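Participant: Take a look at this one; I'll ask things after.
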Amino acid sequence: MVVREKGTEEEKKLTMPIHSILKALVCVFIIGMAYPIVKLALNDIPPLMLTAMRYALASVPFVWFFPFPKTSVFNVVLIGVFLQFLTTGLVYLALRADVQAGIASLLVQSQVIFTLILSFCFFAEKISWQQFVGLLIAAAGFTLFFLDAGRGGATTQKGFLLLMGSGMAWATANMALKRLRGVNLFHLLVWASLVPPIPLFVLSYHLETRRPIQDLLEASPQAWVAILYQSLFLTLLAYVLWGDLIRRYSAAYVAPFGLLIPVFGLMGSRVLLGESMDAMEWGASLLVFIGIASCVINVKMIETQAKH
């Protein structure tokens, strides 16, 4: 890719300078590594409580210093429910005992598939033949995972369904974000993070543990490092930087970097957790990866932009 120092705003969107490429790589590394790190934290802290702690630390210390985003309370609550409460909560529930961290980082990318379908249904956005073929290939991979689930492998059927639910919730949040124009993403995420903690703490108390304070006090330093990693590096750094890249450059250049999230997730799970997969699981992973790649990489757009 050619780096240009000067040009119109439209021309600048056609290229990504080195510092932006490095920023994209840092983002996907942080997001991918979050899955094995969360899996480690779940040894000490139950999933609903862990989700609540993540968003409490990402919101309460910061809302005093940053203004409410320039949108309605309804929109902030909507993002808080779907992007934070459901997307994250369902992943953490799955990671507790029903899915390997590396596989979770891949299956959550079902949000790409659901986003395309919802965009077609609610915004009349066209699905290209390339994306349609990608949808079919990814669906075949997801089907293999579901059929293979429950035999002591990388995931159970319950874990698979939880992750599909997380992907659907994420896609729904994407639809809500499509409607928001000119909203500061950092302010939005900080204030939306106020939504999940209280209901999650209540649910955790009734469903997970009646001694929440004691569980947190007895949690290992490793678990607390994981909480801080999720709150600061993942929620308030990686996602904000990613949103900034999406706004600055063509999606044809930015979106493909997201394919590295499950790569880093699988690598981190192998190194930190010693996780492994059998031949069928690798085959299903390959189908999902190829399918999602076909959906997010716009070959024609890249070819057109390269001519500039």
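Participant: Condition test on D278, is it over 24 Å from F142 (Cα atoms), of a type in the set (D, E) and at pLDDT below 85?
Facilitator: no
Participant: State all residues of segment 88-129 that are among the polar types (S, T, N, Q) and not in a loop (DSSP other than H, G, I, E, B); if no residue qualifies, say none.
Facilitator: T88, S105, S110, Q111, T115, S119
Participant: Say we look at segment 49-84 and pick out the residues that are surrounded by fewer than 24 Cβ atoms within 10 Å (Cβ to Cβ), aromatic (F, W, Y) and in contact (Cβ under 8 Å) with a residue 40 or more places away in the chain; which of these is nearest to M277 (Cα to Cα)?
Facilitator: Ranking the qualifying residues of segment 49-84, first place goes to F82.
Participant: Would you mind stating whether S105 is farther than 29 Å from F160 by Cβ and surrounded by 20 or more Cβ atoms within 10 Å (Cβ to Cβ)?
Facilitator: Numbers: farther than 29 Å from F160 by Cβ: no; surrounded by 20 or more Cβ atoms within 10 Å (Cβ to Cβ): yes.
No.
Participant: Only residues in segment 32-46 that are in contact (Cβ under 8 Å) with a residue 12 or more places away in the chain and closer than 10 Å to L234 by Cβ count as the first member; pair them with residues that are surrounded by fewer than 24 Cβ atoms within 10 Å (Cβ to Cβ) and among the hydroxyl-bearing types (S, T, Y), Cβ under 9 angstrom, at least 6 apart or cross-chain, and list the lot.
Facilitator: M33/Y229; A34/Y229; I37/Y229; V38/Y229
Participant: Mind counting the residues in segment 196-223 that are within 26 Å of G268 (Cα to Cα) and under 21 Å from the mean Cα position of the chain (by Cα)?
Facilitator: Of the residues in that region, 1 qualify.
Participant: Still on this structure, I have one more. Considering segment 269-282 alone, what residues qualify as being closer than 11 Å to L144 by Cβ and either exposed (fewer than 15 other Cβ atoms within 10 Å of the Cβ) or among the aliphatic types (A, V, I, L, M) (or both)?
Facilitator: Answer for segment 269-282, where residues must be closer than 11 Å to L144 by Cβ and either exposed (fewer than 15 other Cβ atoms within 10 Å of the Cβ) or among the aliphatic types (A, V, I, L, M) (or both): M280, W282.
Participant: Here is a further query. All but one of (1) more than 20 Å from Q130 (Cβ to Cβ); (2) under 20 Å from the mean Cα position of the chain (by Cα); (3) surrounded by 15 or more Cβ atoms within 10 Å (Cβ to Cβ); (4) at pLDDT 80 or above hold for G258; which doesn't?
Facilitator: Here G258 meets the rest and fails (1).
Participant: Moving to a separate point now. Looking at F66, F85, F29, F74, can you tell me which residue is assigned to a loop (DSSP other than H, G, I, E, B) and either at pLDDT 90 or above or not charged (D, E, K, R) (or both)?
Facilitator: Testing whether each residue is assigned to a loop (DSSP other than H, G, I, E, B) and either at pLDDT 90 or above or not charged (D, E, K, R) (or both) leaves just F66.
Participant: Could you go through segment 147-154 and let me know if any residue there is outside any helix (DSSP H, G or I), in contact with a Ser or Thr (Cβ under 8 Å, 6 or more places away or on another chain), of a type in the set (G, A, S) and under 17 Å from T88 (Cβ atoms).
Facilitator: Scanning segment 147-154, I find no residue that is outside any helix (DSSP H, G or I), in contact with a Ser or Thr (Cβ under 8 Å, 6 or more places away or on another chain), of a type in the set (G, A, S) and under 17 Å from T88 (Cβ atoms), so the answer is no.
Participant: Within segment 173-183, track down each residue that is under 19 Å from the mean Cα position of the chain (by Cα) and over 16 Å from V81 (Cβ atoms).
Facilitator: Once the filter is applied, which keeps residues that are under 19 Å from the mean Cα position of the chain (by Cα) and over 16 Å from V81 (Cβ atoms), segment 173-183 yields only K178.
Participant: Another question about this same structure. Output the number of residues of segment 117-143 satisfying the condition of being at pLDDT below 85 and among the aliphatic types (A, V, I, L, M).
Facilitator: 2
Participant: Please work out if R248 is more than 15 Å from the chain's Cα centre (by Cα), among the charged types (D, E, K, R), modelled with pLDDT of 85 or more and surrounded by fewer than 18 Cβ atoms within 10 Å (Cβ to Cβ). Quick ask: steps written out before the conclusion?
Facilitator: Values: more than 15 Å from the chain's Cα centre (by Cα): yes; among the charged types (D, E, K, R): yes; modelled with pLDDT of 85 or more: no; surrounded by fewer than 18 Cβ atoms within 10 Å (Cβ to Cβ): yes.
No.
The values are calculated or read from the model by the stated rules, or taken from the named source; none is laboratory data. Every value quoted in this text rests on a predicted model; they were computed, and no experiment measured them. Cβ atoms come from the backbone with ideal geometry, glycine included; neighbour counts cover every protein chain shown.
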